Amino acid sequence: MNRPLKILLLEDSEDDADLIQHTLKRGGIKFTALIVDTKVDFIDGVRNFKPDLVLSDHSLPKFNSSEAVKIFKNHLKVQMLSAPFILITGAISEESAMQCIKDGADDYILKDRLQRLPTAIKNALEKCGIENENHKTTAEKLLLLERYEYVTKATSEAIWDWDIVNNSIFCGKGFEKIFGHTAEPGSENNNLNTAYICVDDIERVVTGMDNAIVNQENQWCDEYKYLKANGDFAFVQDNAVIIRNEDGKAIRMIGAIRDITTKKKEDLRLKLLESVVTNTIDGVLITETGSLNPASFKTVYVNEAFTKMTGFTNEDVIGKTPFFLQGEKTDPGVVDCLRNALEENEPCHLDMISYKKNGEAFWIHFSATPISTAHGELSHWVFIQRDINEQRNHIKAIENQNLQLKEIAWIQSHVVRAPLARMMGFINLINSNKDTGAEKTGLLQYVLDSGRELDAIIREIVEKAEKANRI
């Protein structure tokens, strides 16, 4: 200690107080002393003077060293400090001296042997210094443990601490909060971190931990299935750091288990979506939105189907707006509908003429869908297009076929009826005519001509029908 000692001297004799101070100076001890002789002054000195040590006479009027040492030591105990209390007395029985030591005094000196006082003080200060270091270390450990406990409560991970040397495991509160498992009270070997690992994974996980220790690694990580208290399995990720001594021997392993079930499911969902986008026959184009102006949209992805459909590769379209697919045959009204939908952040579905890389125009069914972040902010647009050129041509062919069928139907209902009606009229005239001469012969000729006309019409219908079937 570089500064002078602060000594609280409990002594009711001025001569003895002077003698004690003289002895300390001769012993080379630098100090500042506060001399008191009553209980009230002693308590005030302990609280406000904050002495480094107390030197106390044994017996004073209405006060004694037994009371004084208890007051001083209790005051230090509250502050987790240690400081010497040395009894200095002219005459004391061995029994009383031992009782004072039991009460907390660090030593006792007889007044006729004060030459031992400086050495006793140095020894007591050294002893208390060690105790204070121990108190400080203990306080720091308690603070760390308290922080550690709060961290295990606050974190969304289950913390485990394996003392490899003593083969004991501490598991934090996260195992109960996340997985529903509780440690046995008072047990130092609650291996919750491995006790509920799925049987399909346990051998691989334990072998991986052992290998990391043996191979002088400082970190270890694995993913596996962990049985929760409710009977469900959680997918977890276990990350640990391996602590080694100066010789490189592993002495401790601290890990944190995180439930990644939701992440696993999301990864699987994204993988499935990626597979759909990659393998679909529809062309997919994704843009990011620099602003609400569609002209600022930049293409960030196209799938293989898009390339096959249009001839444009990733390198051709990345960074461009999706409007490069339009051309002179694209209906401006459809383009306006698309722009309006994009500006209003509304999904839309349109049929339009698009253009391939080689300049060929073709019909597509086009859908645009806005994608927002978790905060509701627009981030991307997904455009999906399907080649409907063949479908449009098929529809046009059907429409042409329908026109021919309508024409056939009209022929059947009107043209065929005319010669048929004449034939029926001539037959009725023949039946009602009693003459059998030239007049009847003429009527029969009319019937024959009408029949030939009807035959020609039927042939024409058949020809048109066959032509319609070929479409």
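The values are calculated or read from the model by the stated rules, or taken from the named source; none is laboratory data. Worth saying up front: this structure is predicted, and the values here are computed from it rather than measured. All Cβ positions, even for glycine, are placed from backbone atoms using ideal geometry, and neighbour counts span all protein chains on display.
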Item to complete: Give the residue, chosen from Leu403, Leu338, Leu378, that is of a type in the set (A, V, I, L, M) and buried (at least 17 other Cβ atoms within 10 Å of the Cβ).
Response: Leu338
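For region 247-289: of the residues being assigned to a loop (DSSP other than H, G, I, E, B) and of a type outside the set (Gly, Ala, Ser), which is nearest to the chain's Cα centre (by Cα)?
Ile260
Quick one: in region 77-95, of everything that is farther than 17 Å from Leu10 by Cα and either modelled with pLDDT of 80 or more or in contact with a His (Cβ under 7 Å, 6 or more places away or on another chain) (or both), which residue is surrounded by the most Cβ atoms within 10 Å (Cβ to Cβ)? I'd like the intermediate steps shown before the answer.
Filtering region 77-95 for residues farther than 17 Å from Leu10 by Cα gives 77-82, 93-95.
Within this subset, residues satisfying the condition of being either modelled with pLDDT of 80 or more or in contact with a His (Cβ under 7 Å, 6 or more places away or on another chain) (or both) are 77-82.
Details: Lys77: 12, Val78: 7, Gln79: 10, Met80: 13, Leu81: 14, Ser82: 20.
Filtering first and then ranking leaves Ser82.
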Worksheet entry | Scope region 91-122; condition touching a residue at least 40 places away in the same chain (Cβ under 8 Å) and closer than 19 Å to Asn64 by Cβ; matching residues | Cys100, Ala105, Lys111
Worksheet entry | Gly255, sole failed condition from (1) small (Gly, Ala, Ser); (2) in contact with an Asp or Glu (Cβ under 8 Å, 6 or more places away or on another chain); (3) free of Cβ contacts under 8 Å to residues at least 24 places away in the same chain | (3)
Worksheet, complete the sentence: Given (1) touching a Lys or Arg at 6+ places or on another chain (Cβ under 8 Å); (2) under 20 Å from His380 (Cα atoms); (3) at pLDDT 85 or above, Thr321 misses just (3)
Discussion item. I'm trying to understand the selection: among the residues of region 217-253, which are touching a strand residue (DSSP E or B) at 6+ places or on another chain (Cβ under 8 Å), farther than 20 Å from Ala158 by Cβ and not hydrophobic (A, V, I, L, M, F, W, C)?
Written reply: Glu217, Asn218, Arg244, Asn245
Worksheet item: Tell me, which residue of region 167-180 that is surrounded by fewer than 19 Cβ atoms within 10 Å (Cβ to Cβ) and at pLDDT below 90 is nearest to the chain's Cα centre (by Cα)?
Response: Lys177
Worksheet item: Taking region 293-316 as the region of interest, how many residues are closer than 13 Å to Tyr355 by Cβ, hydrophobic (A, V, I, L, M, F, W, C) and either free of Cβ contacts under 8 Å to residues at least 24 places away in the same chain or not in a loop (DSSP other than H, G, I, E, B) (or both)?
Response: 1
Worksheet item: List pairs: first in region 33-61 and farther than 16 Å from Pro84 by Cα and assigned by TED's automatic domain parsing to the domain that holds Ile101, second basic (Lys, Arg) and modelled with pLDDT under 95, Cβ under 8 Å, 6+ apart or cross-chain?
Response: Thr38/Lys62; Lys39/Lys62
